[in-house]
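These notes are about the structure you will find just below.
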Amino acid sequence: MHKGKGMKFVGDSRVSAERKASQIPKDYSEYPGRTEAFWPNFLLKEWLVGAVFLVGFLSLTLAHPSPLEGMADPTNASYIPLPDWYFLFLYELLKYEFASGNYILLGMIVLPGLAFGALLLAPFLDNGPGRRPHQRPIAVIMMLLGLTSAIWLTYTAASHVDWETRAEMNKPIPPTAVEIDKSHEGFAAYEASCLQCHGEALEGTGMAPALLGTEYTAEEIAKIAVEGLEGDPGMPPNMFTGSDEELEQLVDFIMTVNEKAAE
């Protein structure tokens, strides 16, 4: 403490208590066109861009809601799980020969690790002072490659899946499902030819759609049981090999169950 000077505290004896003008950082206004104030200029721009993407994403989810499937069933060995949409690009990557089979570790660990690692290192590999895209070629190219690859692989994976049909096939059994009359003369034919794929309560499984609530007529059901059905989901022909009388009993059983469910 010096007389008339007041008391001064410093955190390190090597740091001078007096700050010279040369040690004070220049204000951003001394670099016109090259920098800007964080508040509110820069932060406001970030909020505006984020709001545009948020509104766009919310509009997309409202226009095309994601079809939901039923609860997981550990007894259904035929169910083929798919990852959420934001992991579909990794799922699609594993379909290529260079990332599957004997090279599965390459597709699971090495390639994704290199891609994400490159994105993390992009700011350090290209640390030029410029902020425009043409002044940061390495970082911009790496980001564009990563974004293009993710979008293309996601689109390719999603285009091969009928999401609406998949959700319909794997929807949960409604709690008001009609009770099955196993004493019906057509239940034996259903149990022998249809139950394994369509479920005991006609609710459908991962292998075939539900017959409960079907819009097919009795004649169409009989024809499909013998000749099969093309399309997705399809049905191979000759799944029913019983007699004509058993076929009539089977169709009557299915129609009777649906009539009870509609009551």
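The values are calculated or read from the model by the stated rules, or taken from the named source; none is laboratory data. These figures come from a predicted structure and were not determined experimentally. Note that each Cβ is placed from the backbone with ideal geometry, even for glycine, and that neighbours are counted across all protein chains shown.
Within region 166-174, does at least one residue satisfy the condition of being touching a helix residue (DSSP H, G or I) at 6+ places or on another chain (Cβ under 8 Å) and either at pLDDT 85 or above or not assigned by TED's automatic domain parsing to the domain that holds L114 (or both)? Let's see the steps before the verdict.
Going through region 166-174, the residues touching a helix residue (DSSP H, G or I) at 6+ places or on another chain (Cβ under 8 Å) turn out to be none.
Within region 166-174, not a single residue is touching a helix residue (DSSP H, G or I) at 6+ places or on another chain (Cβ under 8 Å) and either at pLDDT 85 or above or not assigned by TED's automatic domain parsing to the domain that holds L114 (or both).
For a quick check of your reading: which helices (runs of 4 or more DSSP H) sit entirely within region 124-224 and have at least 1 residues that are touching a Leu at 6+ places or on another chain (Cβ under 8 Å) and surrounded by fewer than 17 Cβ atoms within 10 Å (Cβ to Cβ)? Walk me through it before giving the result.
Working: elements: 137-159, 163-169, 187-193, 195-198.
Answer list for region 124-224: 137-159, 163-169.
Among the residues of region 78-97, is any touching a helix residue (DSSP H, G or I) at 6+ places or on another chain (Cβ under 7 Å) and charged (D, E, K, R)?
yes
Do we have G107 as closer than 20 Å to F87 by Cα, in contact with a helix residue (DSSP H, G or I) (Cβ under 7 Å, 6 or more places away or on another chain) and either of a type in the set (G, A, S) or not assigned by TED's automatic domain parsing to the domain that holds L88 (or both) here?
yes
Could you say which residue among Y103, Y79 is hydroxyl-bearing (S, T, Y), within 30 Å of A210 (Cβ to Cβ) and modelled with pLDDT under 90?
Result of the check over Y103, Y79: Y79.
Mind checking which pairs have a first residue in region 143-163 that is in the same structural domain as Y96 (by TED's automatic domain parsing) and a second that is among the hydroxyl-bearing types (S, T, Y) and surrounded by 11 or more Cβ atoms within 10 Å (Cβ to Cβ), Cβ under 6 Å, 6 or more apart or different chains?
A157/Y91
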